[in-house]
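Values in this text are rule-based calculations from the coordinates and carry no lab data. The structure displayed is predicted, hence computed values, not measured ones. Don't worry about glycine lacking a Cβ; one is built from the backbone with ideal geometry, like all the others, and counts go over all protein chains shown.
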Amino acid sequence: MKLYYAPGACSLADHIALIETGERFDVEKVDLKAKRTESGADFTAINPKGYVPALGLEDGTVLTENIAVLSYLADRAGSLLPDNGMRRWRVLETTAFVSTEVHKNFKPFFSPDADDKRKAEARDILDKRFAYLNERLGDRDYIVEDEMSIADCYLFVTLRWAKEVAKISLPARLDAYYARLKERPSIRKAMETEGIA
C-alpha cells in the first residue's frame, strides 16, 4: 500500500492508523497546490479529486476519503474498529462527526481569501463541537470507550489544527487527551515522518 499525504493535512489520520495497524506501507508526499507528488507524478492522475488522502492498493486501485480509508485500514488489520456491536457504530458515528462537523469548519483557516468574520464564525462553531466532544470524552483515555480507534486518529488531527492553525483553546479534558495522544508512538512517528511538530 502507498499513502499519498500532505504534511499535517487530514491524511495524517490515515498515516497514524497505518502505523497503528502494523501493516507494511509506503508514503509519498503531495504538493496540493501544484498537484504533483514528491516523485514528480501528476497527482490528479492518481486522485482526480486532487486532495489527500489517497491510498494506493496492491491491485492498483486507489481509495480516497478519510472515512473510507480509515475504515478499510481498520477492517483489513482487524484493529481500530470493532467487527460488530454498538461500539463499532459509535466509532463510525464519531468518525463521521469529526469529518462532517469538525473538519469542514476549518475551511476558513486554510483558505487564503477567508476574512476575519468567517474565521470568527468558524471558531464559534468549532467551540461548540469541541465542547460536545469534551463532554463525550468524559474521563476516558479515548473518544469511544477504552481503546484507540479510527475516531481518535481523525480527532487528533483536528485538535492539532485547533491548536496550531486556528489558535482555539480546547476544553480541559480534550486538551489533556490531545497531549496524551501526541505522546503515542504511532502519532510521534507519523508526525516525524511528515516533518511536523
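Some observations on this one:
- Test: residue in segment 38-51 that is part of a loop (DSSP other than H, G, I, E, B), surrounded by 14 or more Cβ atoms within 10 Å (Cβ to Cβ), in contact (Cβ under 8 Å) with a residue 12 or more places away in the chain and within 16 Å of the chain's Cα centre (by Cα): yes
- Lone unmet requirement of (1) in a helix (DSSP H, G or I); (2) surrounded by fewer than 16 Cβ atoms within 10 Å (Cβ to Cβ) for I196: (1)
- Looking only at residues of segment 72-121 that are of a type outside the set (A, V, I, L, M, F, W, C) and touching a Leu at 6+ places or on another chain (Cβ under 8 Å), we find that the one that is farthest from A166 (Cα to Cα) is D75.
- Output for segment 166-178, where each listed residue is farther than 23 Å from L18 by Cβ and without any contact (Cβ under 8 Å) to a residue 60 or more places away in the chain: K167, I168, S169, L170, P171, A172, R173, L174, D175, A176
- Scanning segment 27-36 for residues that are more than 20 Å from the chain's Cα centre (by Cα) and not in a loop (DSSP other than H, G, I, E, B) gives a single hit, R36.
Okay, residues lined up against (1) of a type in the set (A, V, I, L, M, F, W, C); (2) more than 19 Å from W161 (Cα to Cα); (3) out of contact with any Leu (no Cβ under 6 Å at 6 or more places or on another chain):
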{"position": "G8", "(1), (2), (3)": "no, no, yes"}
{"position": "A13", "(1), (2), (3)": "yes, no, yes"}
{"position": "A17", "(1), (2), (3)": "yes, no, no"}
{"position": "E23", "(1), (2), (3)": "no, yes, yes"}
{"position": "E28", "(1), (2), (3)": "no, yes, yes"}
{"position": "K35", "(1), (2), (3)": "no, yes, yes"}
{"position": "S39", "(1), (2), (3)": "no, yes, yes"}
{"position": "F43", "(1), (2), (3)": "yes, yes, yes"}
{"position": "N47", "(1), (2), (3)": "no, yes, yes"}
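- Residue tally, condition among the polar types (S, T, N, Q), within 16 Å of I150 (Cα to Cα) and under 18 Å from the mean Cα position of the chain (by Cα), over segment 61-117: 8
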